[in-house]
1. Looking at Ala72, Ala105, Ala83, Ala76, which is the one that is closer than 21 Å to Thr154 by Cα and either in contact (Cβ under 8 Å) with a residue 12 or more places away in the chain or in a helix (DSSP H, G or I) (or both)?
2. Would you mind finding the one in Ala46, Ala51, Ala93 that is touching a residue at least 40 places away in the same chain (Cβ under 8 Å) and in a helix (DSSP H, G or I)?
3. Got a sec? Which of Arg121, Arg75, Arg89 is more than 8 Å from the chain's Cα centre (by Cα) and either at pLDDT below 95 or surrounded by 23 or more Cβ atoms within 10 Å (Cβ to Cβ) (or both)?
4. State all residues of the range 95-118 that are surrounded by 24 or more Cβ atoms within 10 Å (Cβ to Cβ), farther than 15 Å from Met1 by Cβ and modelled with pLDDT of 95 or more; if no residue qualifies, say none.
5. Just give me the residues in the range 26-43 being in contact (Cβ under 8 Å) with a residue 24 or more places away in the chain, surrounded by fewer than 20 Cβ atoms within 10 Å (Cβ to Cβ) and in contact with a helix residue (DSSP H, G or I) (Cβ under 6 Å, 6 or more places away or on another chain), in sequence order.
6. So, in the range 183-196, of the ones that are surrounded by 17 or more Cβ atoms within 10 Å (Cβ to Cβ) and farther than 19 Å from Arg221 by Cβ, which residue ends up modelled with the lowest pLDDT?
7. Can you name every residue in the range 10-25 that is more than 14 Å from Arg58 (Cβ to Cβ) and surrounded by fewer than 16 Cβ atoms within 10 Å (Cβ to Cβ)?
8. Tell me which residues, restricted to the range 191-216, are β-branched (Val, Ile, Thr) and under 17 Å from Thr130 (Cβ atoms).
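The values are calculated or read from the model by the stated rules, or taken from the named source; none is laboratory data. All values derive from a computational prediction rather than experimental measurement. Positions of Cβ are generated from backbone atoms using ideal geometry, with glycine treated the same way; all protein chains shown enter the neighbour counts.
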Amino acid sequence: MLSNGLGRHDVARDAAWQVFERDHVGYGPFVVPELAEAASRTGDVALVRAALEWLSERTRVRPTEWALGIEARVRALLGEGKAAESLYRESIARLGRTRVRVELARGHLLYGEWLRRERRRIDARAQLRTAHDMLATMGIEAFAERARRELLATGETARKRTVETSAALTTQEALIARLARDGLSNPEIGTRLFISPRTVQYHLRKIFTKLDISSRNQLDRVLPGDPTTVRPL
């Protein structure tokens, strides 16, 4: 997992393969996402397919939202065009209905990276901002840095978290705050930004804490004219 976060995908692939090949009981669901991502980044399509086959056999028996979300992600790694995008979005939607916030954040990161490779920079930024914000908040520094580098590649700068900057809203939070102030519902905001309603709610909770308010009805009195410079009163 660390090697995938650091972008050392060849090391991650070899380490994950050792665990996957031995098929220790209970380890598979955790190692398969790492194996598939690392294999995809190193061009080992056969290994991604092997990981998918292993996973799909088990999701047919126990189709939880987490398992189906990971399976959709692995299928997206093998897909192209609209089919791949649909699978990335399905994965995020399913993982958004679970409590596994790390995997949800990584889903946004992978989708954002894919969008950037498709030269859809504006769409990529929305996903990468969400990924960076979630990962940095959780203290998952390697993946947060990976998201920051991807944002830089789209032409946008994401600041590293410090004590001084943690109280200010991020660009993504400021945008969500403005849309909520303007009366959009969580599903409507999610549709606008290509994120799940649950992810919108996650951001709103953080926004309320930073702005020292308790509801969206109070946003109108605390938001300045420029939403990118929002700070608590």
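1. Selected residue: Ala105, the only one of Ala72, Ala105, Ala83, Ala76 that is closer than 21 Å to Thr154 by Cα and either in contact (Cβ under 8 Å) with a residue 12 or more places away in the chain or in a helix (DSSP H, G or I) (or both).
2. Ala93
3. Matching residue, one of Arg121, Arg75, Arg89: Arg121.
4. Within the range 95-118, His108, Tyr111, Gly112 qualify.
5. Residues of the range 26-43 in contact (Cβ under 8 Å) with a residue 24 or more places away in the chain: 28-29, 32-34, 36-42.
Those still in the list that are surrounded by fewer than 20 Cβ atoms within 10 Å (Cβ to Cβ) too: 28-29, 41-42.
Scanning the range 26-43 gives Arg41, Thr42.
6. That would be Phe194.
7. Let us first name the residues in the range 10-25 that are more than 14 Å from Arg58 (Cβ to Cβ), namely 10-19, 21-22, 24.
Once the filter is applied, which keeps residues that are more than 14 Å from Arg58 (Cβ to Cβ) and surrounded by fewer than 16 Cβ atoms within 10 Å (Cβ to Cβ), the range 10-25 yields Asp10, Val11, Asp14, Gln18, Glu21, Arg22, His24.
8. Across the range 191-216, the qualifying residues are Thr191, Ile195, Thr199, Val200, Ile207.
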